[in-house]
Structures are given as C-alpha cells and as structure tokens.
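Contents: one structure, followed by commentary.
Quick note: the coordinates plus some simple rules give every number you see, no bench work behind them. Quick caveat: nothing in here was measured; it's all calculated off a predicted structure. Neighbour counts are summed over all protein chains in view; Cβ atoms, including those assigned to glycine, are modelled from backbone coordinates with ideal geometry.
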Amino acid sequence: MDISNITVNTQSSILIDVGKKIYIDPLDIADATHDADYVFITHDHYDHYSMPDIHKILDEKTIFIIPAPLEMNLRRSILRLQK
C-alpha cells in the first residue's frame, strides 16, 4: 500500500494529497501554501481547530467540513482575514 501521498504534520494534523489537498485538523503548518481544497475539523480544541494554521492553507475555493457549532466562528474569522 502506497501512503506517500499522506503527510502527518503533528499529532492528528494530516494532509492527504490525491490531486486534491485534504487537510484534517491543520496544526503547525510550516508554510502558507493557500492550497486547501478541503479542510476537515473534528472538534474545537486548539490542537484541532487552529485559525492561524487554517489561514495558512485557506484558498478561495476551500470547502470546510466542520461541526455545526463551529460554523459561525469560522465564518467570522474568514471575514476578518479578507478585510
């Protein structure tokens, strides 16, 4: 099984690159790549929901899959970033 397209950044932070960039709980992202096609956030703990790291990978086309209680906070944070 080839897993060369999977990168574990730290803890539960994972990047899967299958032609689309899929980030799961982005944390400790080294460089601002702005290349996320999908971002999955499992819950709101700081080590799973890091806005500074989300901002590093966020792109205008990024689709988020997140728990409903986080949606409003995420929208506000993205709007602040766009100003």
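Key figures for this structure:
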{"item": "Residues (surrounded by 15 or more Cβ atoms within 10 Å (Cβ to Cβ) and out of contact with any Lys or Arg (no Cβ under 8 Å at 6 or more places or on another chain)) located in segment 56-69", "result": "Lys56, Leu58, Thr62, Phe64, Ile66"}
{"item": "Filter result for the condition that a residue is touching a Pro at 6+ places or on another chain (Cβ under 8 Å) and among the hydrophobic types (A, V, I, L, M, F, W, C), over Ile22, Ile29, Ile41, Ile65", "result": "Ile41"}
{"item": "Count of residues meeting criterion [in a loop (DSSP other than H, G, I, E, B), farther than 11 Å from Ile41 by Cα and either of a type in the set (Gly, Ala, Ser) or more than 12 Å from the chain's Cα centre (by Cα) (or both)] in segment 57-79", "result": "2"}
